[in-house]
Protein chains: 2
Amino acid sequence: MMITNLPKGLTIRNSKPSDHQRIISVMKDWWGGRDLTWMLPKLFLVHFCDTSFIIEKEEALLAFLIGFLSQSKTNEGYIHLVGVHPNYRDMGHGEFLYHRFFQICKANNRDTIRSCTSPVNKGSIEFHRKIGFNILQGNAEVDGVQVSLDYNQFGDSKVLFEIKI
Amino acid sequence: MMITNLPKGLTIRNSKPSDHQRIISVMKDWWGGRDLTWMLPKLFLVHFCDTSFIIEKEEALLAFLIGFLSQSKTNEGYIHLVGVHPNYRDMGHGEFLYHRFFQICKANNRDTIRSCTSPVNKGSIEFHRKIGFNILQGNAEVDGVQVSLDYNQFGDSKVLFEIKI
């Protein structure tokens, strides 16, 4: 479901460095027990605030998106990490965050957004497809999905996504 | 020792995405057995090429610096990771890379460079001091050095460096 405004009581704002601890502390729960906290050293919360967003309900963290404008590829934005509280899924919050990121990218003359996920994360693959991302050609196919093997390092394969905005 | 030109046979160039695998493959050796490869997902080699550098001798990798211009803090540059081949240390290559990074930062109107290291990495602390970095106030002192406890996450403390260029 595409929502154009957040439901009453929910707010969105740019992330700030002090959000780091809160995000880190929920990640394992939100990723079903997988510990991906190594993917989010504090630098992402310090240096990419203007393209990263937090959704809150009162004080509680409901969802976040950590993204940045590519420095070398001046037409690209990159979405590094997105999480939604398990009790608030399938309500459009993830898509809302993506579209907010697309907005800031457009305002900075970016026409291409990239992202990636692990082949095991079927929910993320489905989510990206629903929004309109294409899956880039990899060097293997897993469960019918193109996968780039050993992308980050040996054993850390990724499904690569791209969308033109 | 401060070198203003690389010795004959050594070359410096911007990093490119295909350098990722080469860098990852030497890191454990270069860090004395510590595996810090999780700190360098491929995105750093894809999106920050114009502020990251490689020193090579013929085809061999001798040293690298991965840094970027902070997006949110528009007067800052950030040095994320630097490595020098163990057989080529104390020859000024690290300092050469830092000064090349300072140059590109100055050209982009940055007057402050930040970096950090683990308290256990005495060589890195000494190196930063020698170049002229200040150590920022932390919330603890370890072996006479200010340390920010649990900086990246619980148990991952850092010494934070800053220099005005």
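Annotations for the structure displayed:
- Spacing of the two label points (7 Å from each Cα toward its C-beta) at residue B:57 and residue B:35, in nm: 2.9 nm
- Normalising by residue count, region A:3-128 has a Cα convex hull of 111 Å³ per residue.
- Kirkwood-based shape ratio for the protein assembly as shown, expressed as Rg/Rh from alpha carbons: 0.97
- Separation of alpha-carbon centers, region A:1-71 and region B:37-73, rounded to whole Å: 26 Å
- DSSP bridge analysis restricted to chain A gives an antiparallel fraction near 90%, rounded to the nearest 5.
- Dipole magnitude (debye, nearest 20) for region A:102-155, charges at Cβ of Lys, Arg, Asp, Glu: 300 debye
- When a 1.4 Å probe is rolled over the protein heavy atoms, the share of accessible surface on region A:48-165 that falls to carbon and sulfur comes to 46 percent.
- Inter-part distance, region A:87-119 to region B:127-165, computed on C-alpha centroids, equals 34 Å.
- Highest GNM mean-square fluctuation among B:47, B:128, B:99, for chain B modelled with Cα contacts below 10 Å: B:47.
- Net charge dipole size for the protein assembly as shown [Lys, Arg +1 and Asp, Glu -1 on Cβ; Debye, nearest 20]: 600 debye
- For region A:81-133, a/c is not less than 1.5, where a ≥ b ≥ c are the root eigenvalues of the C-alpha gyration tensor, and a/b does not top b/c. That puts it in the oblate class.
- The percentage of C-alpha pairs in region B:51-105 whose separation is greater than 18 Å is 33%.
- Where A meets B: accessible area buried, both sides, 1.4 Å probe, Å²: 2500 Å²
- In the context of the full set of protein chains, residues of region B:72-163 present 48 Å² of accessible surface per residue (probe radius 1.4 Å, heavy atoms only).
- Ordering A:96, A:107, A:132 by Cα displacement along the dipole of region A:72-161 toward the positive end leaves A:107 in first place; charges were set at the Cβ atoms of Lys, Arg (+1) and Asp, Glu (-1).
- Beta bridges by DSSP in the protein assembly as shown, antiparallel share as percent, to the nearest 5: 90 percent
- The modelled label-to-label distance for the pair residue A:87/residue A:112, using points 7 Å beyond Cα in the direction of Cβ, is 4.2 nm.
- Relative contact order of chain B, pairs being alpha-carbon contacts under 8 Å that are 6 or more residues apart, as %: 18 percent
- Equivalent ellipsoid dimensions for region A:103-165 as semi-axes, Å, which come from the Cα gyration tensor, largest first: 23, 13, 9
- Of A:29, A:19, A:50, the one that fluctuates the most in a GNM where chain A has Cα springs shorter than 10 Å: A:29
- Ascending distances from the residue B:34 label point to its copies in the other chains, with the point 7 Å along the Cα-to-beta-carbon line: 2.7 nm.
- For the residues B:147, B:82, B:120, a GNM of chain B with alpha-carbon springs under 10 Å puts the largest fluctuation on B:120.
- Averaged over B:68-80, number of beta-carbon atoms from partner chains that fall within 10 Å: 4
- Local electrostatic count, residue B:46, Cβ distance below 10 Å [Lys/Arg +1, Asp/Glu -1]: +3
- Annotation for region B:38-115: GluC sites (Glu not before Pro) lying in DSSP loop with at most 11 further Cβ atoms inside 10 Å of their Cβ are B:58, B:59.
- Inter-copy spacing of residue B:165 label points, which lie 7 Å from Cα along Cα→Cβ, given in nm from shortest upward: 2.9
- List of region A:20-39 residues, accessible area with partners at least 10 Å² below that of the chain alone (1.4 Å probe): A:20, A:21, A:24, A:37, A:38
The values are calculated or read from the model by the stated rules, or taken from the named source; none is laboratory data. Bear in mind that the values here come from a model prediction, so they are computed numbers and not experimental data. Please note: Cβ atoms are built from the backbone with ideal geometry, for glycine as well, and neighbour counts cover all protein chains shown. With ligands, DNA and RNA removed, areas are computed over all heavy atoms of the protein, side chains included. Shrake-Rupley method; radii C 1.70, N 1.55, O 1.52, S 1.80 Å.
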